[in-house]
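Q: Okay, handing you the structure first.
The values are calculated or read from the model by the stated rules, or taken from the named source; none is laboratory data. Everything quoted here is computed from the prediction, not taken from an experiment. As a convention, Cβ positions derive from the backbone with ideal geometry for all residues, glycine included, and neighbour counts pool all protein chains shown. SASA here: full protein model, heavy atoms, side chains in, ligands and nucleic acids out. Shrake-Rupley method; radii C 1.70, N 1.55, O 1.52, S 1.80 Å.
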Amino acid sequence: MTDPSDIQADFATVFGSRPTFVVRAPGRVNLIGEHTDYNDGFVFPAAIDYDVRIAGRPRDDGVVRLWSALFHRRAQFALGTRRRSRRNGWSNYVRGVGVILASEDYPLRGMDAIVTGTVPLSSGLSSSAALEVASCLAFEAAGEFSIEPKRRALLSQRAEREFVGVQCGIMDQFISALGQANHALMIDTRSLDYQPVPLPSSGVSIVISNTNKQRGLVDSAYNERRAQCEEGVRRLVKALPGIRALRDVTLADLEAHGALLDPVVLRRCRHVVSENERVLESVEALRSGDLGRFGRLMNRSHGSLRDDYEVSCLELDAMVEAARAVDGVYGARMTGAGFGGCTVSLVADEAVGRFKQSVGEEYLRKTGREATFYVCRASAGAERLL
Ligand code: GLA
């Protein structure tokens with residue numbers, strides 16, 4: 001999937017010349033560690049072989065002209081404007097990155113650019129983060145400057161938070177910028193240190209199942225969960241003066257001081273604290289080749305997201321249950337922010353065929369919706385292809 005020739009031909013059709021650069025940035029699947037990243041915790045995602053691509057050519061008049069090959073729409077803006085587009089929401093990710101880079105005095109140039117991609121939209125596979133990171137690389141290529149990958153991730157995250165308005169953590173932009181082929185990354189979202197952990201090269205597949213239920217209301221619910229976690233810390237700090245975030249809290253702390261918290265906030269905190277423990281344990285399980293244990297941790301993560309964090313939904317639960325009923329499935333859970341989108345399952349290679357068949361049928365029976373499946377490989381992070 002690294003051949004840039006199709007998008008080059010599309011660019012020539014739309015803009016009548018040849019692009020001078022092509023960049024790609026992947027989407028991601030989070031194996032475990034959900035809603036922990038804005039609590040300074042641990043996450044364990046992999047970049048996937050579905051990506052966003054931008055082909056472009058610099059312009060000297062400070063104008064950015066975009067063509068979305070997915071939506072068949074044009075968008076245009078002048079560098080330096082902070083205006084959001086209502087009609088072309090997709091272009092706000094590019095605009096936002098431009099605004100953030102300008103605020104940091106990078107030598108931006110305008111460009112003609114075509115945007116396309118294979119990351120399913122609104123599915124919890126981080127098409128937005130992929131578009132932000134790809135946009136950053138495109139501005140770098142057009143302006144002939146270069147940003148170190150961690151910083152690229154942080155600037156892209158700022159575009160999402162300050163321009164688009166979702167108070168997201170760093171996971172999605174980080175894995176899109178720094179992913180490694182055949183590896184998942186265990187990321188410490190406080191220090192931004194990370195460890196690449198090899199995924200088994202054969203015998204088992206990562207299968208993403210799309211509920212095809214678009215994530216509704218996710219932004220407001222997401223910001224609300226975040227606020228509840230912060231409230232938890234504000235109250236717990238009275239008994240635990242050393243803590244800065246839920247990352248610093250243990251399950252024993254919660255047992256001892258849970259009375260300080262409103263019952264809902266206590267459950268939110270219990271999810272985050274237990275999920276951090278599960279991430280660390282799952283890294284050990286994967287390193288020692290214990291897929292059974294890894295799968296059980298995925299299952300427990302889903303239960304915690306469903307019952308304590310309350311970010312699952314009927315469709316995600318139905319998909320996960322149907323997956324677990326298939327012989328050869330190690331574990332299954334929702335992935336991403338929740339309220340729709342995708343699940344991730346760890347499936348023995350020999351079981352992938354019957355997985356699709358049986359999960360597809362059962363999911364349709366329970367929800368009336370068709371599922372879509374992606375058997376994915378862990379891919380490299382964002383890069384310039386031309
Ligand atoms: C979204 C956010 C991430 C992370 C996940 C939940 O994908 O962008 O930062 O918080 O939700 O784990």
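Q: If I fit a long axis through the Cα atoms of helix 91-103 and take the longest principal axis of the Cα atoms of the chain, what angle between them do I get, 0 to 90°, rounded to 10?
A: 80
Q: For the range 228-363, restrict the atom set to alpha-carbon positions and state the Rg and Dmax in Å.
A: 17.0, 53
Q: Mind telling me which of 177, 46, 69 comes out most flexible in a GNM of the chain, alpha-carbon contacts under 10 Å?
A: Ranking 177, 46, 69 by mean-square fluctuation puts 69 first.
Q: Distances over 17 Å make up what percent of all Cα-Cα pairs in the range 148-254?
A: 69
Q: When we measure straight from the Cα of residue 213, which lysines land under 19 angstrom away, once same-chain ones fewer than 8 places off are left out?
A: Straight-line reach from residue 213, under 19 Å: 356, 366.
Q: Any chance you could run the full-extension gain for residue 244 through residue 13? It's 0.36 nm times the residue separation minus the Cα-Cα distance, nm to one decimal.
A: 77.8 nm
Q: Just grab the label-to-label distance for residue 150 and residue 105, each label 7 Å out from Cα along the Cβ direction, in nm (one decimal).
A: 2.3
Q: Let me ask another. Carbon and sulfur atoms: what percent of the 1.4 Å accessible area of the range 243-386 do they account for?
A: The nonpolar share, carbon plus sulfur, comes to 48 percent.
Q: Quick one: which of 81-94, 273-286 comes out on top by average Cβ neighbours within 10 Å, and what's the full order, highest first?
A: 273-286, 81-94
Q: Using only Cα atoms, tell me the angle between helix 5-15 and the longest principal axis of the chain; keep it within 0 to 90° and round to the nearest 10.
A: 50
Q: Choose one of 45, 273, 153: the residue whose Cα lies farthest towards the positive end of the charge dipole of the chain (beta-carbon charges +1 Lys, Arg; -1 Asp, Glu; about the Cα centre).
A: My answer, from the dipole projection, is 153.
Q: Report, in deg cm²/dmol and to the nearest 500, the calculated mean residue ellipticity at 222 nm for the chain, where each DSSP H run with n ≥ 4 adds -39500 (n - 2.57) and the sum is divided by the residue count. Please report the intermediate quantities before stating the final value.
A: Working: 11 runs with 154 residues, N = 386.
For the chain, the value works out to -13000 deg cm²/dmol.
Q: Show the residues, 5+ positions off or on another chain, whose built amide H is closer than 5 Å to the amide H of residue 41.
A: Hits under the 5 Å cutoff: 189.
Q: When the accessible area of the range 76-224 is split by element with a 1.4 Å probe, what percent falls to carbon and sulfur?
A: Reported share for carbon and sulfur atoms: 46 percent.
Q: For the range 2-121, what is the convex hull (Cα atoms) projected area averaged across all directions, in square nanometres?
A: Hull-based average projected area comes out at 8.9 nm².
Q: Right, something else. Just to confirm the number: angle between the C-alpha axis of helix 263-287 and the first principal axis of the chain, 0 to 90 degrees, nearest 10?
A: Once rounded, one gets 80 degrees.
Q: DSSP loop (so not H, G, I, E, B), at most 13 other Cβ within 10 Å: list which GluC sites (Glu not before Pro) in the range 126-203 pass both filters.
A: Those satisfying the criteria are 144.
Q: Now a separate question. Determine the gain in length on full extension of the stretch residue 72-residue 277; use 0.36 nm per residue of separation and subtract their C-alpha separation, reporting nm with one decimal. Spell out each step's value before the answer.
A: Values: separation 205, 0.36 × 205 = 73.80 nm, distance 4.49 nm.
Result for the pair: 69.3 nm of gain on full extension.
Q: Same structure, new question: Let me have the relative contact order for the chain, percent, based on Cα pairs under 8 Å that are six or more residues apart.
A: 24
Q: What residues qualify as long-range amide H neighbours of residue 184, i.e. H under 5 Å apart, gap of 5 or more or another chain, H built at 1.01 Å from N?
A: Excluding prolines and chain starts, which carry no amide H, the hits are 197, 199.
Q: While we're on this one: Suppose all protein chains stay in the model; what accessible area per residue would a 1.4 Å probe give for the range 268-386, in Å²?
A: 39
Q: Using only the Cα atoms, what convex hull volume per residue in Å³ does the chain have?
A: Numbers: hull volume 52.6 nm³, N = 386.
It is 136 Å³ per residue.
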